[in-house]
Structures are given as structure tokens and as C-alpha cells.
Amino acid sequence: MRLERVQNALKQKKITYDYTETDGCGSIDFLFRGLKFHVWEYEDHAWGAETNIFEAGRSQDIEGDYEEVIAGEILSWPDMLPGS
């Protein structure tokens, strides 16, 4: 299981998501307030993740402690209200 910190942040925010793993890299897709978001892990010259959590229409690569950065951003979002 990969991207555990990101998955924990999504669970804490009560955001449902789809997780898959291919070639040892995790992939998460989810909806938040009607917008589609993704976190796609990769291992090229270094481990990282492509994500659009900062701007729904624009992907960017994050390397280094990418899980901490992504989880921190998700945890900064407002909580989902019941029925949302």
C-alpha cells in the first residue's frame, strides 16, 4: 500500500477516493466539491507525484516529501458537510 499519508488525510476529511497500484506506484483519484483531483505517484530519477490538488485544472510534479506536502494541502481544505 502506497500513499498512506495522503489516504489518511482523505479519510480524515471524509473524502471518498479510488486507489490503485501499478508497478509499485500508488494512484488516487477523487472528487471534492464537484471537481476531479488526482495524485499519481511515479519513480523516475526520484520518487514523486503528479497532482492537481493545488489547482484543479493544472497538474504539477512534487518531489521530496511529496506525501507530506499533498496530505498537508488536503488537510487545509474545509471539512465535507453531511450530504455533500
Subject >> Of all residues making up segment 6-21, the number that are surrounded by fewer than 17 Cβ atoms within 10 Å (Cβ to Cβ) and within 12 Å of Glu67 (Cβ to Cβ) >> reply: 1
Subject >> Of all residues making up segment 22-44, the number that are open to solvent by less than 20 Å² (accessible area, probe 1.4 Å) and touching a strand residue (DSSP E or B) at 6+ places or on another chain (Cβ under 8 Å) >> reply: 7
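Can you go through Asp65, Asp44 and tell me which one is more than 18 Å from Leu31 (Cβ to Cβ) and modelled with pLDDT of 95 or more? Walk me through how you get there before you give the answer.
Numbers: Asp44 fails: modelled with pLDDT of 95 or more.
Unique residue meeting the criteria: Asp65.
Do we find that Leu75 is touching a strand residue (DSSP E or B) at 6+ places or on another chain (Cβ under 9 Å) and either open to solvent by 30 Å² or more (accessible area, probe 1.4 Å) or not charged (D, E, K, R) (or both) in this structure? Give the steps one after another, and end with the answer.
Values: touching a strand residue (DSSP E or B) at 6+ places or on another chain (Cβ under 9 Å): no; either open to solvent by 30 Å² or more (accessible area, probe 1.4 Å) or not charged (D, E, K, R) (or both): yes.
It is false that Leu75 is touching a strand residue (DSSP E or B) at 6+ places or on another chain (Cβ under 9 Å) and either open to solvent by 30 Å² or more (accessible area, probe 1.4 Å) or not charged (D, E, K, R) (or both).
Given the criteria of a type outside the set (D, E, K, R), modelled with pLDDT of 95 or more and part of a strand (DSSP E or B), does Asn8 qualify?
On the way: of a type outside the set (D, E, K, R): yes; modelled with pLDDT of 95 or more: yes; part of a strand (DSSP E or B): no.
Taking the combined requirement at face value, the residue does not satisfy it.
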Subject >> Members of segment 45-58 found to be open to solvent by 60 Å² or more (accessible area, probe 1.4 Å) and more than 15 Å from Arg2 (Cα to Cα), listed by number >> reply: His45, Phe54, Glu55, Gly57, Arg58
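The values are calculated or read from the model by the stated rules, or taken from the named source; none is laboratory data. Since this is a predicted model, take the numbers as computed values, not measurements. Please note: Cβ atoms are built from the backbone with ideal geometry, for glycine as well, and neighbour counts cover all protein chains shown. Remember, those area values only see protein heavy atoms, side chains included, never the ligands or the DNA or RNA. Shrake-Rupley method; radii C 1.70, N 1.55, O 1.52, S 1.80 Å.
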